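A quick write-up on the structure given underneath.
None of the figures in this text is laboratory data; all of them are computed from the coordinates on show. Note that this is a predicted model, so its numbers are computed, not measured. So basically every Cβ, Gly included, is an ideal-geometry build from the backbone, and we count neighbours across all protein chains shown.
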Amino acid sequence: MRIASADAMAIVKSTAPALEQHGVAITTAMYARLLQDPEIAALFDHAAQTSGEQPRRLAGAILAYAKNIDKLQNLGPAVQRMVARHVETGVKAEHYPHVAAALLPAIRDVLGEDIATDAVLAAWGEAYWMLADILIAAEAQAYEDADAA
């Protein structure tokens with residue numbers, strides 16, 4: 001499992017105020033990119049997209065992650081809910097690179113290059129893959145458990 005560096009964690013934590021202010025704009029821009037792929041779009045509840053519920057929910061999760069990146073134990077219940085939802089909707093490990101490819105440019109698009117510098121995007125890339133590895137492992141176990149049942 002990848003671990004974000006201490007520098008990356010500090011940078012991610014420092015972006016929490018920008019995420020608090022612009023998180024929904026970032027996740028809305030991310031979903032606009034991500035859902036261009038019909039295979040990925042099929043995994044999502046379109047009503048939750050249209051209502052804005054999904055972008056709001058993800059913005060809240062990203063903000064919580066930014067604030068707790070150095071205290072991941074605080075996110076246990078949220079991660080468990082996310083894993084259950086991902087398994088319910090068929091999310092697989094191969095989908096995670098698509099999300100990264102949509103999220104990181106969305107951060108820059110919304111926050112601009114002055115805030116979303118190369119260093120900030122690199123830190124978020126590290127942070128994203130650290131969380132993705134946790135989710136992928138937990139989802140693989142959940143899929144295995146479901147198959148065994």
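Structural remarks
- Subset of region 95-139 [of a type in the set (V, I, T) and either in contact (Cβ under 8 Å) with a residue 12 or more places away in the chain or assigned to a helix (DSSP H, G or I) (or both)]: V99, I107, V110, I115, V120, I134, I136
Residue-by-condition table, conditions (1) in contact with a helix residue (DSSP H, G or I) (Cβ under 9 Å, 6 or more places away or on another chain); (2) on the phi > 0 side of the Ramachandran plot:
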| residue | (1), (2) |
| --- | --- |
| I40 | yes, no |
| L43 | yes, no |
| E53 | yes, no |
| G60 | yes, no |
| L63 | yes, no |
| G90 | no, yes |
| E94 | no, no |
| H98 | yes, no |
| A101 | yes, no |
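- Residues being closer than 23 Å to L35 by Cα, among the aliphatic types (A, V, I, L, M) and loosely packed, with under 15 Cβ neighbours inside 10 Å - total across region 67-95: 2
- Entirely in region 1-47, the helices (runs of 4 or more DSSP H) that have 1 or more residues that are buried (at least 18 other Cβ atoms within 10 Å of the Cβ) and either touching a residue at least 40 places away in the same chain (Cβ under 8 Å) or among the aromatic types (F, W, Y) (or both): 6-14, 16-34
- Residue that is farthest from R81 (Cα to Cα) [pool: residues in region 96-111 that are surrounded by fewer than 18 Cβ atoms within 10 Å (Cβ to Cβ) and not hydrophobic (A, V, I, L, M, F, W, C)]: D109
- Failed item in (1) closer than 22 Å to M1 by Cα; (2) in contact with a helix residue (DSSP H, G or I) (Cβ under 6 Å, 6 or more places away or on another chain); (3) of a type in the set (D, E), with D109 passing the rest: (1)
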